[in-house]
Each structure stands twice: as C-alpha cells, then as structure tokens.
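Peer 1: Got a structure here, written out as structure tokens. Questions coming.
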Amino acid sequence: MAVDGALRAELAVRGVRGRPSVRRRGGAGPSDDGHVLLQGSQTTLPLADDSPFAVGEAGGLLRDGEPIGGVELELVGRPRFYDLTTAQGIPYEQIAKLHGAEVLATTVVQTCVRYDPSQRCRFCTIEESLRSGDTIQVKRPEQIAEVAEAAVRLDGVRQLVMTTGTANHADRGARHLARCCAAVAQAVPDLPIQVQCEPPGDLATIAELHGAGATAIGIHVESLDDEVRRRWMPGKATVPLQAYWRAWHEAVAVFGHNRVSTYLLVGLGEDPDELVAGARELIDAGVYPFVVPFRPLAGSLAMADGARAPAPELLGSVTRRVADALVEAGMSGVEQGAGCAACGACSALSATGG
Ligand code: SF4
C-alpha cells in the first residue's frame, strides 16, 4: 500500500535522520538523498539531523521517537558492485551509483559550462562531488558499460539513468551520451536506459540517442516561468522555452508518448496554479512532468542564499493536482520504462497515483 500523500510530501521536505549506506551527496541537478524502501517502494529522502522522522531499529518509521503505525521503511543495503574497481584502479562507485534499490545512475561528464557562479543553476552542485573526490570527471562509454554489466549481474539493477553537465558544443553533451548508450546496449542489451540533457542544438541528435539504445529521455526545464528561470538558472535560461518545446515535441515523435519527461521544481517561487497549468500542457504533449521539491543542497548557491525547501502543504497540493492530471491522461511514471519518473523515488507523485 502506498504511503499517505501528505506524509510522503512531509518526508520529501523534512527528510529523515540517520546515515543510510546508499546515498548521494551533491551532484548534477536538485537531488541529494539517502535511499530507502518506503512501503516497499524505492524512495529518496533528504538526510536532515533536525528532522522529526527517523528509521526505527527494527525498521519502520518513527516520528518524534514514536513508531508511525502501518508504515514500513527499510534502508537500501550497500550494493556488491561498489566493491569492484576497473583494471585502471578506478572504483566502480566513482563511475556510477545505485539510486533507490534498482537504478544505476551516472553523470557522464561531471563539469558544466554553466558552472560559473554568475551562470550556475542555484540548486546544483555538479562540480562539488568532483572536487570532493566522489567521482571522476569524464566517464568513458566502456567504463559505464563495465559497471552496468556488473550492477545488473551482482545487484539486480533494472535500469540506468545517464545525465551530463552541459558541454560547450552545439549538442550540449548529447553525443557523448549517445556513445555511452551504444556501449551499454552492447554489454547489457536488455537494460532500459534514460538519458538526460538540455535541448540539443541539432534536434536530429534526439534520434541518434534513441538509435543508440536509449529507452527514454529527460529534457529538464525545472520551471516554465521565465522570471523564475532567470533568477534560479541564469545560464540555462538563455535557452528559450520555445527551444524546450521544440525538443520535447521532437522527443515525443522519436521516443513515443510518455517516454519523455522533464523536472518541475516546487519551491522556486513559481505561482502554483501556473505550475500545475504548465504541467497539464506538458501532459497534453505526451511529456511526463516529474514534480520534485526544491531542496537546498550543501555547497549550492541556494544554500549560501539561505533558500528553504517549500512547505509540505504546498508540495502536497501541487503533487496531488499534477498526479490527478496524469491519472486523467492515463500516464504513469512506470511507463517511462527508465529514468527518474519510472523510478519515482525522488517525487511524491507515485504515492499520489501518478
Ligand atoms: S545546467 Fe545547471 S543543473 Fe545542469 S549541470 Fe549545469 S549548473 Fe547543474
């Protein structure tokens, strides 16, 4: 049984205390979490020492030290592939990480042309995980293929997500993603793959990604409000929304209905009604709007600004309305086949029916 939507929204914002062994500190985009199974579903929750929630010693979820009846929560165990290294001595864990219980994820290029503080997305910490030595700068296609094969064989991984920092080329990094897809598809032919990139300058690159073996694609805008985009993502906001719409339409034509997704962040100051109306437009176009709370990550500009996560009530209400629109349209995250929406761990959408 899915966890109650209001509780899921509160957990997404307040997080849990503790140090799960599978976690992601910093990196590209807006998530940074501990990985758990909540009512058996893969879930990522912020790790927050001031949260009222904690994992009980015998499993289960505690609030202010008291068990919450009927809620099962387990930590995801350390995967076996983390103990391996490549022939060159690079730990597999620095090439790709386990997300949730069964998703392998990697940032194929860990730098971003937009990382100058005047251009950077204020929620992002892509280069911080590189500086801390958690990862390597460029993952080569054969390295990702090697890790993917081991993660499937040893840990039952069921899908791969590959994202990238934005490159200083017209393709914005998509062609390296296509080479990585081709290598993984050869090594592990049945592993569904989602790729994530900005709208590539040449829309034909979207077909290259599909032809190379990608199952689904995320083209993440984070907000459909230009004023919010300029304030939070000055570099990315130079790519006009029309370019996103062209890329989404092309991606739906190539990958199919509900094989394309985008992130929409709640808590950047966008009008909630406009956010939900934008999500409906995306749904009408066959694009899955993955609604996720903004959370200030350590090392991000947003953290330095003192920005706060949204109120759980706001997140809960937006999530419920977007989930209703998804249900009306007959779209579910699982049908994406691979990627953030298929996993669902970072959003409360799947707990609310989407
Ligand atoms: S475009 Fe923004 S979110 Fe993406 S890697 Fe660059 S700074 Fe991070």
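The values are calculated or read from the model by the stated rules, or taken from the named source; none is laboratory data. Since we're looking at a predicted model, the values are computed, not measured. So basically every Cβ, Gly included, is an ideal-geometry build from the backbone, and we count neighbours across all protein chains shown. These accessible areas exclude ligands, DNA and RNA; they are computed on the full protein's heavy atoms, side chains included. Shrake-Rupley method; radii C 1.70, N 1.55, O 1.52, S 1.80 Å.
Peer 1: List pairs: first in segment 55-84 and in contact (Cβ under 8 Å) with a residue 12 or more places away in the chain and in a helix (DSSP H, G or I), second surrounded by 16 or more Cβ atoms within 10 Å (Cβ to Cβ) and aliphatic (A, V, I, L, M), Cβ under 6 Å, 6+ apart or cross-chain?
Peer 2: Phe81/Ala150; Phe81/Ala151
Here's the yes/no breakdown for (1) under 18 Å from the mean Cα position of the chain (by Cα); (2) open to solvent by less than 40 Å² (accessible area, probe 1.4 Å); (3) of a type in the set (A, V, I, L, M, F, W, C):
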{"residue": "Glu149", "(1), (2), (3)": "no, no, no"}
{"residue": "Val157", "(1), (2), (3)": "yes, yes, yes"}
{"residue": "Leu241", "(1), (2), (3)": "no, yes, yes"}
{"residue": "Arg259", "(1), (2), (3)": "yes, no, no"}
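Peer 1: Residue by residue through segment 201-223, note down the ones that are modelled with pLDDT of 95 or more and within 16 Å of the ligand (Cβ to nearest atom).
Peer 2: Selection gives Ile217, Gly218, Ile219, His220, Val221, Glu222, Ser223.
Peer 1: Check Ala150, Ala170 and return the single one that is among the aliphatic types (A, V, I, L, M), touching a residue at least 12 places away in the same chain (Cβ under 8 Å) and either assigned to a strand (DSSP E or B) or within 16 Å of the ligand (Cβ to nearest atom) (or both).
Peer 2: Numbers: Ala150 fails: either assigned to a strand (DSSP E or B) or within 16 Å of the ligand (Cβ to nearest atom) (or both).
On inspection, the qualifying residue turns out to be Ala170.
Peer 1: Right, something else. For Leu191, work out the one condition from (1) part of a loop (DSSP other than H, G, I, E, B); (2) over 30 Å from Gly267 (Cβ atoms); (3) open to solvent by less than 10 Å² (accessible area, probe 1.4 Å) it doesn't fulfil.
Peer 2: (3)
Peer 1: Tell me which residues, restricted to segment 4-24, are surrounded by fewer than 21 Cβ atoms within 10 Å (Cβ to Cβ) and at pLDDT 60 or above.
Peer 2: Asp4, Gly5, Ala6, Leu7, Arg14, Arg17, Gly18, Arg19, Pro20
Peer 1: Right, next: Under 6 Å between Cβ atoms, which residue pairs at least 6 apart in sequence (or on different chains) link something in segment 34-50 that is in contact (Cβ under 8 Å) with a residue 40 or more places away in the chain with a partner that is of a type in the set (Lys, Arg) and open to solvent by less than 40 Å² (accessible area, probe 1.4 Å)?
Peer 2: Cβ pairs passing all conditions: Pro46/Arg295.
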